[in-house]
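Here is the structure we will look at, set down as structure tokens.
The values are calculated or read from the model by the stated rules, or taken from the named source; none is laboratory data. Just so you know, these numbers come straight off a predicted model, no measurement behind them. Backbone-built Cβ (ideal geometry, glycine too); neighbour counts: all protein chains shown. The protein model used for the area step is the full one, side chains on, heavy atoms only, and it has no ligands, DNA or RNA in it. Shrake-Rupley method; radii C 1.70, N 1.55, O 1.52, S 1.80 Å.
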Amino acid sequence: MKMKFVLAALPLMAAVSAWADDAAGNADMIKRGEYLAIAGDCTACHTAPGADKTAKFGGGYPLASPFGVIYGTNISSDKEFGIGSWSDDEFVRAVREGVGKDGQQLYPAMPYDSFTKMKREDVLAIKAYLMSQPAVHSAGPETDLSFPFNQRWGMRVWKMFNFDKGELKNDPSKSADWNRGAYLVDALEHCGTCHTPRTLTMGMDTDKAFSGGDLGSWVAFNITPDKNAGIGTWSQQDLVTYLKTGFVPGKASASGAMSEAIEHSLQHLSDSDLNAIATYIRSVPAVGDDKQTKPRDQWGQKNQDVYPLRAAGQTIDQSAAALFNASCAACHGKGGEGSGEGFHAYPSLFSHTSIGSYDSRNQVSVILNGVQRHMDKGEIMMPSFANQLNDEQIATLSNYVSTQFGNPAAATVTAKDVAKMRKAADLTYPPKIEEGTQK
């Protein structure tokens, strides 16, 4: 009897063991998918500004494009509004080919021109992670572009010129570290989406890869190894530190979309992956820019005399100096030298890549929007001055900072320029969710 019982129990024990193995394997897949979703920065575009944890991946992030506002979609596990009813093939097709569940063409604000290079198993690991997260039962705002950009079939034509479908393959002549960096930069982190200029058809200009992108009110700087226009003066450790913290004293502090990428994605990557990214980025072809005559982090110097003459025969605009003294000097120092030490230090205004650029847009946008990075070590914050200073004052302040501490070529900002950027900065999450659509 005892032997019969044992023999009868064997199939059940095998089934339990197989279930346990499946559960452990699924848990490992979800964990890996979480890391990959962080590396892909899925949260940034698929979670509405100011949304709490219960609305994560619920969509609604407004992405400004030359053709209008495109809203990130709900990719939570919700079966009605999210991806809860999607098959594996449907999800892979959306991520890697830009085609939705029902066959609709997706706008390339979803960077499938980079994600096409991802491995299928990595895409499915991300899906497993998303499906393990709470469902967000909310439709969110719909993208509604004007004609002809609302004709999604036009994306088929766009793809003919700008979309090279296919998984990224390793280069056997390169190191494992370099190949890992290429996969992270070109596929998962989709760095080229912002940092590569666009062609007339709005595809990435791969002949000038990573040489800088136009983000409207922001500039994604040149990150090629060019010493003047790019990051050729940065060491491996400088770049790793910046990716991890968003701040390298005497070089740069992150703001805008880069700040978001560091907050949501890069700070959470392993040191080995950050080093792999740095290794790859420092190996890409250098692309110069004649307008940038010396490295962006080598402009300006400490100026102790805010109000007196800057040099013989050269007077300082007293109103500009007063604005700087009232708005900036408390944190950045009257001489622009910055204040504090370590993680929470306020950066110097000279030897800073944003202020050493001939393009002032990032500088003006920081004054308008402020900076806020939620980091593992604490919060980094600079207040917005949009409600304290008018357009003329912000233009005056920006030009003063460029002249006193940075690249004088950037001191050309007008009140009209600021007004245009202020309007772009007002882009929020305007459409309200209809009653009954959210649980």
- prompt: 222 nm [θ] for the chain, helices only, -39500 (n - 2.57) per DSSP H run of 4+, per residue, to 500?
  reply: -11500 deg cm²/dmol
task: Express in nm, to one decimal, how much length is gained between T54 and M381 on full extension, taking 0.36 nm for each residue of separation and deducting their alpha carbon distance.
output: 115.3 nm
- prompt: If you take the C-alpha gyration tensor of the stretch 153-201, multiply each eigenvalue by 5 and take the square root, what semi-axes do you get, largest first, in whole Å?
  reply: 26, 13, 9
message: If Rh is defined by the Kirkwood formula over all Cα pairs and Rg also comes from Cα, what ratio Rg/Rh do you get for the stretch 177-227?
response: 0.99
- line: Over all pairs of different Cα atoms in the chain, the reciprocal of the mean inverse distance gives a Kirkwood radius in Å of 23.8
task: Quick one: work out the % antiparallel among DSSP beta bridges in the chain, nearest 5.
output: 95
- prompt: Which order do K101, K174 take by accessible area at a 1.4 Å probe, largest first?
  reply: K174, K101
task: For K423, K119, give the ranking by accessible area with the largest first, probe 1.4 Å.
output: K423, K119
- prompt: Tally Lys and Arg at +1 and Asp and Glu at -1 over the other residues with C-beta under 13 Å from the C-beta of H190: what net charge comes out?
  reply: -2
Diffusion coefficient, µm² s⁻¹, Stokes-Einstein with Kirkwood Rh over alpha-carbon pairs of the stretch 192-284 at 25 °C and 0.890 mPa s: 180
- request: Using only protein heavy atoms and a 1.4 Å probe, report how much of L239 is accessible, in Å² to the nearest 10.
  value: 20
- prompt: Separation between the K79 and L145 pseudo-spin-labels, each 7 Å from Cα along Cα→Cβ, expressed in nm?
  reply: 3.3
- line: Label model pair S319, K291: point-to-point distance (7 angstrom along the Cα→beta-carbon line) in nm is 2.7
field: Kirkwood Rh (inverse of mean 1/r, distinct Cα pairs), the stretch 33-140, angstrom
entry: 13.8
message: Quick check: net charge around T414, other residues with Cβ under 10 Å of its Cβ, Lys/Arg +1 and Asp/Glu -1?
response: -1
- prompt: With all protein chains present and a 1.4 Å probe, how do Y112, Y242, Y358 order by accessible area, largest first?
  reply: Y358, Y242, Y112
message: Rounded to the nearest 20 debye, what is the charge dipole size of the chain about its Cα centre when +1 sits on each Lys and Arg Cβ and -1 on each Asp and Glu Cβ?
response: 240
- prompt: R156 accessible area, nearest 10 Å², 1.4 Å probe?
  reply: 130
field: Cα-based radius of gyration of the stretch 132-287 once divided by 2.2 N^0.38 Å, which approximates compact folds
entry: 1.17
message: Sorted from largest to smallest, which semi-axis lengths in Å does the alpha carbon gyration tensor of the stretch 121-217 give for its equivalent ellipsoid, taking the root of 5 times each eigenvalue?
response: 27, 24, 14
task: Net charge near Y129: determine it from the other residues with C-beta under 9 Å of the C-beta of Y129, scoring Lys and Arg +1 and Asp and Glu -1.
output: +2
- request: Using a 1.4 Å probe and ignoring any ligands, DNA or RNA, find the accessible area of D207 and quote it in Å² to the nearest 10.
  value: 140
query: What is the dipole size for the stretch 77-151, taken about its Cα centre, with +1 at each Lys and Arg Cβ and -1 at each Asp and Glu Cβ, in debye to the nearest 20?
result: 240
- prompt: So, in nm, how far is label A176 from label S235 when the simple model puts each one 7 Å beyond its Cα toward the Cβ?
  reply: 2.6
- request: Anything over 28 Å Cα to Cα? Flag those among K377/K420; K127/K423; K302/K416; K208/K244, in the order listed.
  value: K377/K420; K127/K423; K302/K416
- request: Quote the FRET efficiency, to the nearest 0.05, computed for Q104 versus K169 with a Förster distance R0 of 25 Å and r equal to the Cβ-Cβ distance.
  value: 0.25
- prompt: Got a sec? Charge dipole of the chain, +1 on Cβ for Lys and Arg, -1 for Asp and Glu; which of N399, T54, I75 is way out at the positive end?
  reply: I75
